[in-house]
Amino acid sequence: MDWRVWHQRYDDPGSELAQRLLTVQAQVRAALDRAPDGPIPVISLCAGQGRDLLGVLRDHPRAADVRGRLVELDPELAATAREQAPERVEVVTGDASLTDHYGGFVPAELVLLTGIFGNITNGDIRRTIAGSRMFCRTGATVIWTRHRGDPDLVPSICDWFETGGFERVWVSDKEAGFGVGVHRFTGIPEPLVKGESLFSFVPGGV
């Protein structure tokens, strides 16, 4: 998969990917709106060009409160994100599955898991959901995506979040053609365990 070519679909307003981006950005805005006063730590795994978050920070009234870390393996995509990121948002070129990258930024108020669950096995999805308990402070928002093609795993992903200490905030309708989910962490943050890998991408996606 050439992820740089894949990202070009964001620039087509009529593409499903562009519509999904607008949906994710709306949920990022809502998460920042309800964040408590004070600094808002944010992490983004497999951040790509950072459009999910950086597009919102351009004009959101809480933008100055956000301090974030975006992790992206592809150096060109990471460089694009770095060029657009404000000083308070770090962009790391590296393997986003590794827990080591998130020290100092967790527990976070907002965790972005977009563009991941359609590219990893079911077991790794469940591992990543469980690992999110290390990333989230109580009340934090997790925003995730998954395609709605067969097998439609969105209902199962919701169940896995909701049996793991998260409550459902919002999930897109299946008719949208894509899946965007928002869950809120209601548990107690777990200590960050470094040296763990949460997932591996499957060639061609799942």
(request) Tell me, please, whether a residue that is surrounded by fewer than 20 Cβ atoms within 10 Å (Cβ to Cβ), more than 14 Å from the chain's Cα centre (by Cα) and assigned to a strand (DSSP E or B) can be found in region 104-116. (result) no
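Listed here are the residues, each with its yes/no results for (1) open to solvent by 60 Å² or more (accessible area, probe 1.4 Å); (2) in contact with a strand residue (DSSP E or B) (Cβ under 8 Å, 6 or more places away or on another chain).
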| position | (1), (2) |
| --- | --- |
| 127 | yes, no |
| 143 | no, yes |
| 147 | yes, yes |
| 151 | yes, no |
| 155 | yes, no |
| 171 | no, yes |
| 174 | yes, no |
| 181 | no, yes |
| 203 | yes, no |
(request) Could you please find all residues in region 170-201 being within 15 Å of the chain's Cα centre (by Cα) and of a type in the set (Val, Ile, Thr)? (result) 171, 180, 182
(request) Considering every residue within region 186-196, establish whether at least one is in contact with a Lys or Arg (Cβ under 7 Å, 6 or more places away or on another chain) and either open to solvent by less than 40 Å² (accessible area, probe 1.4 Å) or without any contact (Cβ under 8 Å) to a residue 12 or more places away in the chain (or both). (result) yes
(message) If residue 131 satisfies all but one of (1) open to solvent by less than 40 Å² (accessible area, probe 1.4 Å); (2) in contact with a strand residue (DSSP E or B) (Cβ under 8 Å, 6 or more places away or on another chain), what's the number of the condition it fails?
(response) (2)
(request) Considering only residues that are small (Gly, Ala, Ser) and at pLDDT 95 or above, look in region 161-191 and name the one that is nearest to residue 30 (Cα to Cα). (result) 181
(message) Being part of a strand (DSSP E or B) and open to solvent by 10 Å² or more (accessible area, probe 1.4 Å) is the filter here; which residues of region 42-73 pass it?
(response) 67, 69, 72
(request) Among the candidates 87, 76, single out the residue that is assigned to a helix (DSSP H, G or I) and surrounded by fewer than 18 Cβ atoms within 10 Å (Cβ to Cβ). (result) 76
(request) Check 124, 150 and return the single one that is of a type in the set (Asp, Glu) and not in a helix (DSSP H, G or I). (result) 150
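The values are calculated or read from the model by the stated rules, or taken from the named source; none is laboratory data. In this text the structure is predicted, and so the values were computed from the model without any measurement. Neighbour counts are summed over all protein chains in view; Cβ atoms, including those assigned to glycine, are modelled from backbone coordinates with ideal geometry. Side chains are part of the model used for accessible areas, which takes the heavy atoms of the whole protein and leaves out ligands, DNA and RNA. Shrake-Rupley method; radii C 1.70, N 1.55, O 1.52, S 1.80 Å.
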